[in-house]
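S.K.: Please read through the structure below; I'll follow up with questions.
What follows is calculated from the coordinates using simple rules that are stated; it is not laboratory data. All values derive from a computational prediction rather than experimental measurement. Heads up, the Cβs are rebuilt from the backbone with ideal geometry, glycines too, and the neighbour counts pull from every protein chain shown.
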Amino acid sequence: MKNLVFLGPPGAGKGTQASRISESLSLPHISTGDILRASIRNQTEIGLKAKAYMDAGNLVPDEIVIGIVKERIAQSDCANGYILDGFPRTLAQAEALDTITTITMAVNIDVDGEKLVKRLSGRRVCPACGETTHVSNYDKPECPKCGVTLIQRVDDNEDTIRNRLAVYNKSTQPLIDYYSGKGILKEIDGFQDIDKVTSDIVDAING
Ligand code: AP5
Ligand code: MG
Ligand code: ZN
């Protein structure tokens, strides 16, 4: 059973790595941020509630995201495990998660603050397939996988990025101690090239 949590500040590479490792280990990639953005696009009740929090870079209330994850990990494709990307983000979320499942490993992708501002202000995403890239990686603003024009997330502007980092430091960083106290934390240096970060995480999971 591989019930994995990917921790790390905004821009650490949680989504980039979860998507690669999801493919190589055949585990579903569950990103609460992606699920919430899809809810906003589809104008669901959850999306309407979440939008203002997300646009400002603040956390969506615990009960909403806990409900999303509870429902998602109960689905049959999660029977052998899953990768949670961006959940939990508060102590209350971590404690709620422990009442519904057993987390086997928390992977903390560590990168320092100023580098994250640079990564996030240059991030571009594909509105069709979800592929994530960076302006430094392409000549034309087209998805390398499906050719659709890339867009920028509304929360990827400098002021909102700085707020997201502050929210992370206050509410989410304490989870490092929470999982370390349980003896299931793996620390990964997220300031290496993308392939090396992937291989370090795969080694941690298999080791
Ligand atoms: P979410 O979508 O989870 O955003 P986040 O935590 O801010 O994290 P990011 O997605 O910005 O970063 P990432 O670590 O995935 O980095 P990425 O791989 O894209 O959440 C958004 C919002 O939703 C929150 O603000 C909140 O409102 C709400 N929300 C979500 N979950 C919630 C929860 N549990 N509770 C309450 N609210 C919640 O990489 C970033 C960039 O860097 C890319 O351009 C990439 O190409 C590049 N890059 C990646 N790795 C490397 C590398 N090794 N070297 C160089 N560049 C790299
Ligand atoms: Mg992400
Ligand atoms: Zn695409």
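S.K.: At a 10 angstrom cut-off on C-beta neighbours, averaged per residue, how do the peptides 48-54, 35-41 rank from highest to lowest?
M.R.: Descending mean neighbour count gives 35-41, 48-54.
S.K.: What's the extension gain from Asp55 to Lys145 if we count 0.36 nm per residue and subtract their Cα-Cα distance?
M.R.: Answer, rounded to one decimal: 29.7 nm.
S.K.: What shape does region 99-207 take by its C-alpha gyration tensor, where a ≥ b ≥ c are the square roots of the eigenvalues and a/c under 1.5 counts as rounded, a/b above b/c as prolate, and the rest as oblate?
M.R.: prolate
S.K.: Using the Kirkwood radius over C-alpha pairs as Rh, can you work out the diffusion coefficient of region 1-109 via Stokes-Einstein at 25 °C, viscosity 0.890 mPa s, in µm² per second?
M.R.: Stokes-Einstein gives a translational diffusion coefficient of 173 µm²/s.
S.K.: Also, I was wondering about something else. From the P(r) of region 46-92, could you give the percentage of C-alpha pairs in the tail past 12 Å?
M.R.: Value for region 46-92 (Cα pairs over 12 Å): 67 percent.
S.K.: Still on this model: Assuming a ≥ b ≥ c are the square roots of the Cα gyration tensor eigenvalues, decide whether the chain counts as rounded (a/c under 1.5), prolate (otherwise, with a/b larger than b/c) or oblate.
M.R.: Since a/c stays below 1.5, the shape of the chain is classed as rounded.
S.K.: Among Pro61, Val197, Ala92, which residue has its Cα positioned farthest towards the positive end of the charge dipole of the chain, with +1 placed on the Cβ of Lys and Arg, -1 on the Cβ of Asp and Glu, and the dipole taken about the Cα centre?
M.R.: Pro61
S.K.: Shifting gears a bit: Average projected area of the Cα convex hull of region 148-192, in nm²?
M.R.: Answer in nm², one decimal: 5.3.
S.K.: Given springs between every Cα pair under 10 Å in a Gaussian network model of the chain, which of Cys146, Cys126, Cys78 has the largest fluctuation?
M.R.: Of Cys146, Cys126, Cys78, the Gaussian network model singles out Cys146 as fluctuating most.
S.K.: Evaluate E = 1/(1 + (r/R0)^6) for Val135 and Glu23, where r is the Cβ-Cβ distance and R0 equals 30 Å; express this FRET efficiency to the nearest 0.05.
M.R.: 0.80
S.K.: Answer with one residue from Met105, Pro144, Val125: the one whose Cα lies farthest towards the positive end of the charge dipole of region 103-164, charges on Cβ with Lys, Arg +1 and Asp, Glu -1.
M.R.: Of the listed residues, the answer is Pro144.
S.K.: By average Cβ neighbour count within 10 Å, what is the ranking of 186-193, 11-18 from highest down?
M.R.: 11-18, 186-193
S.K.: Here's something else I'd like to know. Once you have the Cα-Cα distance between Ser76 and Glu63, take 0.36 nm times their residue separation minus that, and quote the gain in nm to one decimal.
M.R.: 2.4 nm
S.K.: May I ask you to order 67-75, 81-89 by the average number of other C-beta atoms within 10 Å around their residues, highest value first?
M.R.: Listed from highest to lowest mean packing, they are 81-89, 67-75.
S.K.: With +1 on each Lys and Arg Cβ and -1 on each Asp and Glu Cβ, how big is the dipole of the chain about its Cα centre, in debye rounded to the nearest 20?
M.R.: 320
S.K.: For Ser121 and Phe191 in the same chain, what is the full-extension length gain: residue separation times 0.36 nm, less their Cα-Cα distance, in nm?
M.R.: Stretched fully, the Ser121-Phe191 segment lengthens by 23.5 nm.
S.K.: Along the Cα→Cβ direction, 7 angstrom out, place labels at Asp98 and Ile176. What is the inter-label distance in nm?
M.R.: 1.9
S.K.: Quick one: which residues, 5 or more positions from Gly8 or on another chain, have an amide H under 5 Å from its amide H? H modelled 1.01 Å from N in the peptide plane, none for Pro or chain starts.
M.R.: Ile109
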